[in-house]
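Worksheet for the structure shown next.
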Amino acid sequence: MIEYLKVSRIDHWLKNIFILFGHAVAVVLVLDLEISGGLIGKAILSLIPACLIASANYILNEILDAPFDRLHPTKRLRGIPAGKVKIPILWGLMGGYIVVGFGLSLWWFDNIGYTIALALLLVSGLVYNIPPVRLKDRAFLDVIAESFNNPIRLWLGWYALVPGPQPPPLSIMLAWWFFGALLMTGKRYSEYRFIGNEELSGKYRKSFQVYNDKSLIIAMISYANLFCFCAGWAISTYEQLNNLVFVFPLIILAVVAYFNHAMKESTARLEPEQLLRNPWIVVCTLVTALLAVGLLYLHKTDKFHAKYYLDHTPLAPTLPYHQWQESSDSQPGPESIPTPIP
């Protein structure tokens, strides 16, 4: 039974912690930082169907990838290539995960948006793995397709808490997508270097016949820039997020640290779930999250507005805070998401 659970990649469920980002966006932009016990319960429940569908996708991935995994230095020891599990049982387990996952989704959540997002998570796995489409074998499209799971997880977290059909902001969705693309490209870069043989890596994964060190590094830099652009777009557009401009330097440092980690000769793998187990990364993430929560709360309680302090530089005319606030209130503000009527 242990080998079947390994094929289900229970340890990879940690990736679904990214659903919490969708919860956070909904709480800030729609629910005005008002959190109740019922809301926390829904947030916790939203992780379970997503984990089950993710395991269904992992089983499909391992079944279809088994012939290629036999060529990999470490993946050849997995359950299917090593002959430790039976394929028919895995198909049955995959079907069970799908049925239970969608059953719980329809039972627990009134918003059909959550179930649609869950279906997209399943379809994403099918398109990524099944021939003739099999985006996993197509250079660059493989990263775009795999990282699309990030916006899907954003939608799962969002629709678990937001009662209406309104989607999350496009700027935040794109930023989260590009952030995932950065992680997935880094993962490929480290794996490409780990195999260390162009012929063998090309047989293991067709996309590696196109990739090289230079193209992967350029792709990582591009996705990092796009992520920063979209994050800045969101912070400047939505008033509730303006204070997060002071969190952005920490985010830049995190991106730099990721690049440094990827470039190390000793780095063999950059799996997101492994990064999330790194104590330094966990501590830095918690510090960044606490700072962000504090700044969001200061905005909600009207105690600190980054826009005011950034507007009133030594070169700008000084305007008392209360007068600036009155003038700001009288002007049309940036587009914001309305709070739905219960």
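The values are calculated or read from the model by the stated rules, or taken from the named source; none is laboratory data. Here the structure is a predicted model, which is why all the values come from computation and not from measurement. Because the Cβ atoms are built from the backbone with ideal geometry, glycine has one as well, and the counts that use them run over all protein chains shown.
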Residue tally, condition in a helix (DSSP H, G or I), in contact with a Ser or Thr (Cβ under 9 Å, 6 or more places away or on another chain) and at pLDDT 90 or above, over region 241-270: 2
What is the residue count in region 15-43 for residues that are out of contact with any Asp or Glu (no Cβ under 7 Å at 6 or more places or on another chain) and over 27 Å from Thr301 (Cβ atoms)? 4
Would you point out the residue of region 10-27, among those that are of a type in the set (A, V, I, L, M, F, W, C) and more than 17 Å from Leu52 (Cβ to Cβ), that is surrounded by the most Cβ atoms within 10 Å (Cβ to Cβ)? Val25
Would you confirm whether any residue within region 66-79 is modelled with pLDDT of 90 or more and buried (at least 18 other Cβ atoms within 10 Å of the Cβ)? no
Selected residue (only one of Ala119, Ala145, Ala139 is at pLDDT 95 or above and small (Gly, Ala, Ser)): Ala119
Please count how many residues of region 114-131 are outside any helix (DSSP H, G or I) and either of a type in the set (Val, Ile, Thr) or within 19 Å of the chain's Cα centre (by Cα) (or both). 1
Residues of region 192-240 being at pLDDT 90 or above, in contact with a Phe, Trp or Tyr (Cβ under 6 Å, 6 or more places away or on another chain) and surrounded by fewer than 20 Cβ atoms within 10 Å (Cβ to Cβ), in sequence order, are Leu226
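For (1) within 26 Å of Val210 (Cβ to Cβ); (2) buried (at least 17 other Cβ atoms within 10 Å of the Cβ); (3) among the small types (Gly, Ala, Ser), each residue gets a yes or a no:
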position: Ala117; (1), (2), (3): no, yes, yes
position: Leu126; (1), (2), (3): yes, no, no
position: Asn149; (1), (2), (3): yes, yes, no
position: Leu156; (1), (2), (3): no, yes, no
position: Pro168; (1), (2), (3): no, yes, no
position: Leu174; (1), (2), (3): yes, yes, no
position: Leu182; (1), (2), (3): yes, yes, no
position: Thr185; (1), (2), (3): yes, yes, no
position: Arg188; (1), (2), (3): yes, yes, no
Return the pairs, sorted by first residue and then second, in which the second residue is modelled with pLDDT under 80 and not aliphatic (A, V, I, L, M), the first residue lies in region 197-225 and is farther than 28 Å from Val255 by Cα, the beta carbons are less than 7 Å apart, and the residues are 6+ apart or on different chains. Tyr204/Phe68; Tyr204/His72
Output the residue which, of all residues in region 277-311 that are in contact (Cβ under 8 Å) with a residue 24 or more places away in the chain and outside any helix (DSSP H, G or I), is surrounded by the fewest Cβ atoms within 10 Å (Cβ to Cβ). Arg277
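Condition check ((1) under 18 Å from Leu121 (Cβ atoms); (2) surrounded by 21 or more Cβ atoms within 10 Å (Cβ to Cβ); (3) small (Gly, Ala, Ser)) across all residues:
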residue: Ser8; (1), (2), (3): yes, yes, yes
residue: Gly37; (1), (2), (3): no, no, yes
residue: Gly41; (1), (2), (3): no, no, yes
residue: Leu47; (1), (2), (3): yes, no, no
